[in-house]
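Here's the structure, in structure tokens; my notes come after.
The values are calculated or read from the model by the stated rules, or taken from the named source; none is laboratory data. Please read these numbers as outputs of a predicted model, since none were measured by experiment. Neighbour counts run over all protein chains shown; Cβ positions are idealised from the backbone, glycine included.
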Amino acid sequence: MLKKQEKKSKNFWQEQKNKADKASRPIVVLAPMADVTDAPFRRVIAKYGKPDVLWTEFVSADGLMRATPEGKEKLKKGLIFDESERPIVAQFFTSNPEHMKKTAELAVELGFDGIDINMGCPDKGIEKQNAGAAMMKNPKLAREIIRAAKDGAGSLPVSVKTRIGFNKVELETWLPELLAECPAVITIHARTRKEMSKVLARWKFVKRAVEIRDEVQKDLDPKERTLIFGNGDVKDVADAKRLAKETGCDGVMLGRAIFGNPWLFAELGNNKKDIKNESKNKTKVTEKEFVPVSLVLRLKALLEHTKLFNKLLGDTKNFAIMKKHFKSYVSGFDGSKDLREKLMEANSFKDVEKVIKNFISLQKTK
């Protein structure tokens, strides 16, 4: 069931900025990743280690407008969320301004805290629709899309996630076009589309993005300027703090580091109560390091994740999607290889539950 609530009136990003500044750190958020940061996983993350802000997976605005009623309902599964996930941003892709406007209106109706436009995804299917990373080839259209999103969003803040260029670094020409529309946030993945993830992210371009922002928006009140976030190869919260200090960016987005580690953001303190209740001091963190979570808690999180996947998306997504998570959850401990192999053969939550219970029983007899 889709969540609905009254239309919002505040730019929550400024609230997040104030909160982060008081803590002497950047805003720290989780990246949207297809078939990874879906509703089940986000709910687990919100429980065990909540970032400052969560994103949905990207959803096709064209699909939401053009699909059959059945197709639309399936797409809307990508927009379900729980109150525990707030603040949460809905991410869309399209090259059709009218579709963007109407989809933004839908996001308002569903009660999201913000709207994000994907202008960096390198998927060829999306690029054929002139969306995602292909937007970098058409700055005029990109600006129209941002304006359309703002028209539909009303008082909800609109943000953009993009890259430093398409085939080459084009930050000097591309970023000012986006900044001219004053989105609330621009997240810079510090690679070009051509580079994909084959090279290390170059954070010097995030630093340059901050400088360009300051130049382009110098006449604006600092509180009205676009926030610049950096993304790419961030290991953990400590790494995020370091990179923010080096580049001057307002926020840092972490992606792949979340695999198998829903405790990634625990030290931010966004859900200390939940962590304490789950495992006394097993997930207690300090400024410098994490105390490793217990094996029992790790397997419990895996079970919770799988159960939620079955409950929320079992009728629309292939169970095989969970197997990429099994590989990440189950590693680095005695017997992990054998357990992982058994889990890779599972085809349902019941299968997974049986395998995990058998494994735990064996551990108790040792």
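Worth a mention:
- In this entry, P32 is excluded by the filter for residues that are in contact with a Lys or Arg (Cβ under 8 Å, 6 or more places away or on another chain), more than 24 Å from K150 (Cβ to Cβ) and crowded, with 24+ Cβ neighbours inside 10 Å.
- Of the helices (runs of 4 or more DSSP H) lying entirely inside the range 292-366, the ones with 2 or more residues being under 25 Å from F81 (Cβ atoms) are found at 295-313, 323-329, 349-365.
- Qualifying residue in the range 189-211 (condition: closer than 18 Å to I115 by Cα and assigned to a helix (DSSP H, G or I)): no
- All positions within the range 219-270 that are crowded, with 21+ Cβ neighbours inside 10 Å and acidic (D, E): D250, E267
- Residues that are within 18 Å of R202 (Cβ to Cβ) and more than 16 Å from the chain's Cα centre (by Cα) within the range 240-260 comprise R242, L243, A244, K245, E246, T247, G248, C249, listed in sequence order.
- Long-range neighbours under 8 Å by Cβ, at least six apart or interchain, first residue closer than 17 Å to A90 by Cβ and assigned to a loop (DSSP other than H, G, I, E, B) within the range 150-166, second among the β-branched types (V, I, T) and modelled with pLDDT of 95 or more: G154/V108; L156/V108; L156/I115; P157/I115; P157/V185
- Meets criteria (of a type in the set (F, W, Y), in contact with a strand residue (DSSP E or B) (Cβ under 8 Å, 6 or more places away or on another chain) and over 25 Å from R298 (Cβ atoms)) for F81: no
- Within the range 167-176, the set of residues being surrounded by 16 or more Cβ atoms within 10 Å (Cβ to Cβ) and assigned to a loop (DSSP other than H, G, I, E, B) comprises V169, E170.
- Within the range 330-339, one or more residues are surrounded by fewer than 18 Cβ atoms within 10 Å (Cβ to Cβ), among the aromatic types (F, W, Y) and modelled with pLDDT of 85 or more.
- Enumerated helices (runs of 4 or more DSSP H) restricted to the range 47-121, each holding at least 2 residues that are surrounded by 24 or more Cβ atoms within 10 Å (Cβ to Cβ) and touching a helix residue (DSSP H, G or I) at 6+ places or on another chain (Cβ under 6 Å): 97-110
- Only one entry in C182, C249 is in contact (Cβ under 8 Å) with a residue 40 or more places away in the chain, assigned to a loop (DSSP other than H, G, I, E, B), of a type outside the set (S, T, N, Q) and in contact with a strand residue (DSSP E or B) (Cβ under 6 Å, 6 or more places away or on another chain), namely C249.
- When R193, R202 are screened for being closer than 19 Å to K137 by Cα and touching a Gly at 6+ places or on another chain (Cβ under 9 Å), only R193 passes.
- Selection status of T316, of a type outside the set (D, E, K, R), modelled with pLDDT under 95 and buried (at least 19 other Cβ atoms within 10 Å of the Cβ): no
- Taken over the range 311-339, residues that are within 26 Å of the chain's Cα centre (by Cα) and more than 15 Å from K300 (Cβ to Cβ) amount to 18.
- Selection from the range 333-366 of residues that are among the polar types (S, T, N, Q) and under 18 Å from G260 (Cβ atoms): S336
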